[in-house]
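Below: one structure, written as structure tokens.
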Amino acid sequence: MSSADAAFPATTKVRDVTVLGLGNILLSDDGVGVHVAHRLAMNSGSPQGMRVFDGGTLGFRLVDALTRSDCVLIVDAALLGERAGAMRLLESQELLDHVSRSGRMSAHEAGLADLLTLARLEGWAPKHLALLGIQPLCIDWGDALSETLAQSVPAACRQVTEKVQSWQAQA
């Protein structure tokens with residue numbers, strides 16, 4: 001390594017990753033994706049290049065936010081058939097296959113399928129796409145997560161951060 005190389009190290013490109021929290025915070029555990037997004041946004045230790053959006057129930061209005069990144073991680077309540085608070089990461093083709101099937105795992109899946117279809121029609125396809133689904137305990141009127149899901153939020157944030165760092169390491 002020359003002295004010029006040591007004085008001016010190559011800059012490392014940090015891959016931008018969009019993290020999108022979905023859900024309705026007025027339906028208790030349905031809002032878990034939004035709660036995870038809020039916690040990530042407040043964490044000063046989040047990875048550089050990670051952009052976090054509270055997608056709420058915005059549907060098609062999210063296309064613009066998604067088209068700015070080639071890596072998208074969606075966090076949402078999902079009916080996994082497991083204990084409340086359990087998480088499953090569906091990636092790329094597994095996610096697309098699931099969304100195209102008739103069974104619904106996420107309360108926002110129909111909107112998500114339409115959103116991904118619209119984005120593809122506009123010529124956008126992320127290099128990396130994943131859904132972190134979190135099994136809800138209760139989806140009913142209420143402005144707070146159940147205790148079980150509230151306790152799962154830190155683990156969900158860690159899983160999101162690990163996935164973001166994994167994608168960025170591939171940049």
**Report entry** Residues W124, W167, W141 arranged by fewest to most Cβ contacts within 10 Å
**Finding:** W141, W124, W167
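Could you order the peptides 127-140, 28-41, 144-157 from most to least packed, using the average number of other C-beta atoms within 10 Å per residue? Write down the numbers at each step before the final one.
On the way: 127-140: 20.4, 28-41: 24.1, 144-157: 17.4.
The packing order, highest mean first, is 28-41, 127-140, 144-157.
How large is the charge dipole for region 15-169, taken about the Cα centre, if only the Cβ atoms of Lys, Arg (+1) and Asp, Glu (-1) carry charge, to the nearest 20 debye? Don't skip to the end; give the middle numbers.
Values: 13 positive and 18 negative charges, 78 e Å.
Value, rounded to 20: 380 debye.
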Report summary line: Note on region 108-171: alpha-carbon gyration tensor, axes a ≥ b ≥ c; rule is a/c under 1.5 for rounded, else prolate if a/b larger than b/c, else oblate; result oblate
Query raised in the report: How many angstrom lie between the C-alpha centres of region 22-67 and region 124-152?
Result: 10 Å
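Could you work out the local net charge near G123, counting Lys and Arg as +1, Asp and Glu as -1, over the other residues with Cβ closer than 15 Å to its Cβ? If you can, show how the numbers build up before the last one.
On the way: positive: R68, R120, K127; negative: D64, D70, E122.
Net local charge, G123 excluded: 0.
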**Report entry** Volume per residue that the Cα convex hull of region 15-169 spans, once the total is divided by residue count, Å³
**Finding:** 99 Å³
Report summary line: Along region 73-85, Karplus-curve 3J(HN,Hα) (6.51, -1.76, 1.60; θ = phi - 60°) to the nearest Hz, with x for Gly and Pro, reads 10, 9, 10, 7, 5, 9, 7, 9, x, 10, 5, 4, x
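Taken together, the values in this text are just the output of simple stated rules run on the coordinates, not laboratory data. As the structure is a prediction and not an experimental result, all values here were calculated from the model. A quick note on method: Cβ atoms are made from the backbone with ideal geometry, for glycine too, and the neighbour counts reach across all protein chains shown.
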